[in-house]
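Derivation of every value follows stated rules applied to the coordinates shown; laboratory data play no part. This is a predicted model, so every value here is computed, not measured. Backbone-built Cβ (ideal geometry, glycine too); neighbour counts: all protein chains shown.
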Amino acid sequence: MQENSIIKKNILKYLDFKGITQYKFHKETGITRGILVQNNGMSEDNTLRFLDYYKEVNPTWLLTGEGSMLKTSKAEPTVDKTGIPLLPLDAFAGLGDTAVDGVDFDTIEERYVVPLFEGIKIDFMLPVRGSSMYPKYSSGDVVACRQVDELLYIQWNKVYVIDTISQGVIMKRLKKSEHPENVICKSDNKDYDPFELPKDDIRNIALVVGVIRLE
């Protein structure tokens with residue numbers, strides 16, 4: 001009987017804490033009306049109904065009065081979102097058509113604050129691989145990028161990081177082609193020949209807006 005008395009007292013405490021009237025309590029849970037003020041005990045069925053409806057209540061507290069009234073949830077580890085996320089080059093391919101299906105920038109832990117880029121819209125940074133854009137960009141440099149949502153917004157003769165279906169991730173200077181369905185990909189390194197790339201071969205594209213050169 002003492003345990004039932006504790007349960008009823010704690011239910012009343014919870015209802016008062018949440019501002020729930022007894023009328024609303026009985027209507028929502030289906031528990032027999034008036035049971036909280038009766039001298040008879042609180043059945044196991046009614047106790048389970050209460051816990052099933054008010055899932056935030058800590059069962060240990062309800063039954064014994066010990067611990068906190070509400071269940072405590074484990075805090076999820078948080079990522080410090082200060083700075084610009086640095087993606088591995090291959091992760092750019094993982095962006096796909098939408099960030100939902102690929103990389104979530106909010107989960108990237110490796111970030112850098114670059115005062116030089118302050119005031120510039122930058123979505124992420126990527127490391128440079130290879131020598132096709134030398135001497136403008138060298139392997140080991142880090143480029144700051146701004147995602148481009150539509151190919152209509154391409155700025156000709158600017159450098160882009162492009163995720164292609166046929167060649168993977170490449171970095172090229174884009175030029176207008178005589179064929180509207182293509183773009184010309186040009187390397188700054190004269191040892192690499194320019195080539196035409198169909199626009200429908202491009203899955204994702206980002207404009208290079210800055211560079212960090214590592215010695």
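For this structure, a couple of remarks:
- Inter-probe distance in nm under a simple model that places probes 7 Å from Cα toward Cβ, at VAL37 and GLU66: 3.3 nm
- Gain in span if fully extended, ILE212 to GLU118, counting 0.36 nm per residue against the direct Cα distance: 32.5 nm
- Each label was represented as a point 7 Å from its Cα along the Cα-to-Cβ direction; for ASP191 and GLU56 these points are 6.5 nm apart.
- Net charge of neighbours whose Cβ lies under 12 Å from the Cβ of LEU15, counting Lys and Arg as +1 and Asp and Glu as -1: +3
- Here the extension length gained between LEU152 and ARG111 equals 11.8 nm, from 0.36 nm per residue of separation less the Cα-Cα distance.
- Per-residue ³J(HN,Hα) for segment 59-66, Karplus 6.51 cos²θ - 1.76 cosθ + 1.60, θ = phi - 60°, Hz, x for Gly and Pro: x, 4, 5, 4, 7, 10, x, 9
- Proximal charge balance of TYR134 [Cβ under 14 Å; K/R count +1, D/E count -1]: +4
- Added length on full extension, which subtracts the Cα-Cα distance from 0.36 nm per residue, GLU44 to HIS26: 4.9 nm
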